[in-house]
Amino acid sequence: MTIFPPDPDFEALRLELARLRAARGWSYDELAARSGLARRTLIEIEQGRTIGTLKTWHALAHALSTPLDEFFSTLCTGHEPPSKADD
């Protein structure tokens, strides 16, 4: 029997990005300049039109001085994240 993991909460992930950007008072242009990403990419992610790549999220984490695991922990909003005991 195959047991599938819960669906990731991409809405929570994009809202966390928006929250962190707003907390710093940064515009899309400011975050684009700090991350090396296109302004359009940031807008697309925050508005839920795209998820972004791991490379994109890595750049955002560095620009926002936020550990990548903190960003991705929001994907488990509404369910328990996997634990090492699940291996």
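Some points to look at:
- Residues in region 16-70 that are in contact with a His (Cβ under 8 Å, 6 or more places away or on another chain) and of a type in the set (A, V, I, L, M, F, W, C): Leu68 alone.
- Total residues in region 1-14, condition surrounded by fewer than 15 Cβ atoms within 10 Å (Cβ to Cβ), part of a loop (DSSP other than H, G, I, E, B) and of a type in the set (Asp, Glu): 1
- Just one of the numbered conditions (1) without any contact (Cβ under 8 Å) to a residue 40 or more places away in the chain; (2) outside any helix (DSSP H, G or I); (3) within 13 Å of the chain's Cα centre (by Cα) is not true of Thr66: (1).
- If you check Gly48, Gly52, Gly78 for being touching a Lys or Arg at 6+ places or on another chain (Cβ under 8 Å), within 24 Å of Pro5 (Cβ to Cβ) and not hydroxyl-bearing (Ser, Thr, Tyr), only one passes: Gly48.
- Positions within region 28-53 being under 17 Å from Asp9 (Cβ atoms) and assigned to a helix (DSSP H, G or I), in sequence order: Ile45, Glu46
- Leading residue by the ranking (least open to solvent (accessible area, probe 1.4 Å)) among those in region 15-49 that are within 20 Å of Phe72 (Cβ to Cβ) and of a type in the set (Val, Ile, Thr): Ile45
- Selection within region 50-71 - among the hydrophobic types (A, V, I, L, M, F, W, C) and either open to solvent by 70 Å² or more (accessible area, probe 1.4 Å) or closer than 22 Å to Pro82 by Cβ (or both): Ile51, Leu54, Trp57, Ala61, Leu68, Phe71
- Some residue of region 18-29 being closer than 27 Å to Ile3 by Cα and touching an Asp or Glu at 6+ places or on another chain (Cβ under 6 Å): no
- Listed by first and then second residue, the pairs with beta-carbon distance under 7 Å, at least 6 apart or on different chains, first residue in region 3-25 and closer than 10 Å to Thr66 by Cβ, second part of a helix (DSSP H, G or I), are Glu16/Phe71; Glu16/Thr74; Leu17/Ile45; Leu17/Glu46; Leu17/Leu60.
- All told, Glu46 falls short of being at pLDDT below 95 and out of contact with any Asp or Glu (no Cβ under 6 Å at 6 or more places or on another chain).
The values are calculated or read from the model by the stated rules, or taken from the named source; none is laboratory data. Remember, predicted model here, so these are calculated numbers, not experimental data. All Cβ positions, glycine included, derive from the backbone under ideal geometry; neighbour counts span all protein chains shown. SASA here: full protein model, heavy atoms, side chains in, ligands and nucleic acids out. Shrake-Rupley method; radii C 1.70, N 1.55, O 1.52, S 1.80 Å.
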